[in-house]
Amino acid sequence: MSFADGSVKEGEWVNGFLVKGTVKVKHMSYVGDLNKDGVFHGQGKASYDDGSVYEGEWRNGTYNGRGKVKAKQGDIYEGLFKVYNSLSLSLSLSLSLSLSVSLCLSFVCLFLFIVIC
């Protein structure tokens, strides 16, 4: 079913509410469970236009519980997401990305040291 805002919703409807299915909006698509208000809730997978993906547990439209994020650069964070504030995901991803960068830089330095010597 298509809506005026351009979104598309398909799947299992109960009493006029989509409870399981696919939701496509401008910047992403979601496949999974929804609550009675049509909000992502339960198990689901969101694929974003930039290539990043989250798959796991949702609570009221937010990553919450066990899940896995794959960033567009290929970095992966897998673990427990909790709804404390909106910074929890970005903080976890930042730590993962900075670790990847530092490991990469260490390898480059080691490589340059071996080549120079």
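Below, the figures for the structure above:
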quantity	calculated
Yes/no for residue 89 being assigned to a helix (DSSP H, G or I), touching an Asp or Glu at 6+ places or on another chain (Cβ under 8 Å) and either modelled with pLDDT of 90 or more or farther than 22 Å from residue 13 by Cα (or both)	no
Single residue of the stretch 25-51 satisfying the filter (over 12 Å from the mean Cα position of the chain (by Cα), within 21 Å of residue 68 (Cβ to Cβ) and surrounded by fewer than 16 Cβ atoms within 10 Å (Cβ to Cβ)) that is modelled with the highest pLDDT	42
Residue pairs meeting the criteria (Cβ under 7 Å; at least 6 apart or on separate chains; first of a type in the set (A, V, I, L, M), in the stretch 39-50; second buried (at least 20 other Cβ atoms within 10 Å of the Cβ) and part of a strand (DSSP E or B))	46/30; 46/54
Entirely in the stretch 1-67, the strands (runs of 3 or more DSSP E) that have 3 or more residues that are touching an Asp or Glu at 6+ places or on another chain (Cβ under 6 Å)	17-25, 40-48
Odd one out for residue 74 among (1) outside any strand (DSSP E or B); (2) at pLDDT 90 or above; (3) not hydrophobic (A, V, I, L, M, F, W, C)	(2)
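The values are calculated or read from the model by the stated rules, or taken from the named source; none is laboratory data. As the structure is a prediction and not an experimental result, all values here were calculated from the model. Don't worry about glycine lacking a Cβ; one is built from the backbone with ideal geometry, like all the others, and counts go over all protein chains shown.
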